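Read through the structure below, which is laid out as structure tokens, and then see the notes.
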Ligand code: 2AM
């Protein structure tokens, strides 16, 4: 029986997320333009991800249970494509993100299914609407009119992971502790 991968501290906040390859993170990183806002805090490329469900702090046993239930959903899902085509902001949170004007049904259904599994364990209310996004920068402020259309970026999503937010001297680091690779069907 393999040892479980989960080893980080219980104080870590955790979340279920799409995981991008280093090459995909490099392509996403190209949308981070520090000249856009000098005061903003730009995420390092290796932190770029798309959160499906934020879980907060959870006991190890809950993380294990949720991950094994998530696998049952993920086993049914083939890889799917996302087309990122707009920059937008959550202005109240001062977040700049890369977004998707037409999120595919596969992504929305996956998010709903994982959120349903997590609901009994969540400590905070879930957002009414899921806005799929890759956060590019925090402390972002701009007079520009958003959303801004950008050169579309199509990425094939093949990995889903359970992540921990780990505090380091260099800031928060998002570390995958369990990863599943979607299997093409047919
Ligand atoms: P964000 O990128 O929009 O900030 C880890 O913090 C991940 O969980 C981030 O992707 C973050 O989204 C997401 N998240 C969602 N709700 C959160 C919350 N209440 N606190 C912290 N992170 C949250």
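The values are calculated or read from the model by the stated rules, or taken from the named source; none is laboratory data. What you see is a predicted model; the values in this text were computed from it and never measured. Using ideal geometry, Cβ is built from the backbone for each residue, glycine included, and neighbour counts are taken over all protein chains shown.
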In segment 142-175, how many residues are under 16 Å from residue 31 (Cα atoms), modelled with pLDDT of 95 or more and away from the ligand (no atom under 16 Å from the Cβ)? 8
Could you please let me know if residue 130 is assigned to a loop (DSSP other than H, G, I, E, B) and under 14 Å from the mean Cα position of the chain (by Cα)? yes
If you check every pair at least six apart or on different chains, which have Cβ atoms under 6 Å apart with a residue in segment 53-64 that is at negative phi and touching a residue at least 24 places away in the same chain (Cβ under 8 Å) first and a residue that is buried (at least 18 other Cβ atoms within 10 Å of the Cβ) and in a strand (DSSP E or B) second? 53/16; 54/15; 55/14; 55/15; 58/14
May I ask you to list the residues in segment 78-95 that are at pLDDT 95 or above and closer than 13 Å to residue 137 by Cα? 87, 88, 89, 90, 93, 94, 95
Looking at segment 2-16, can you tell me whether even one residue there is modelled with pLDDT of 95 or more, assigned to a loop (DSSP other than H, G, I, E, B), within 15 Å of the ligand (Cβ to nearest atom) and surrounded by 11 or more Cβ atoms within 10 Å (Cβ to Cβ)? no
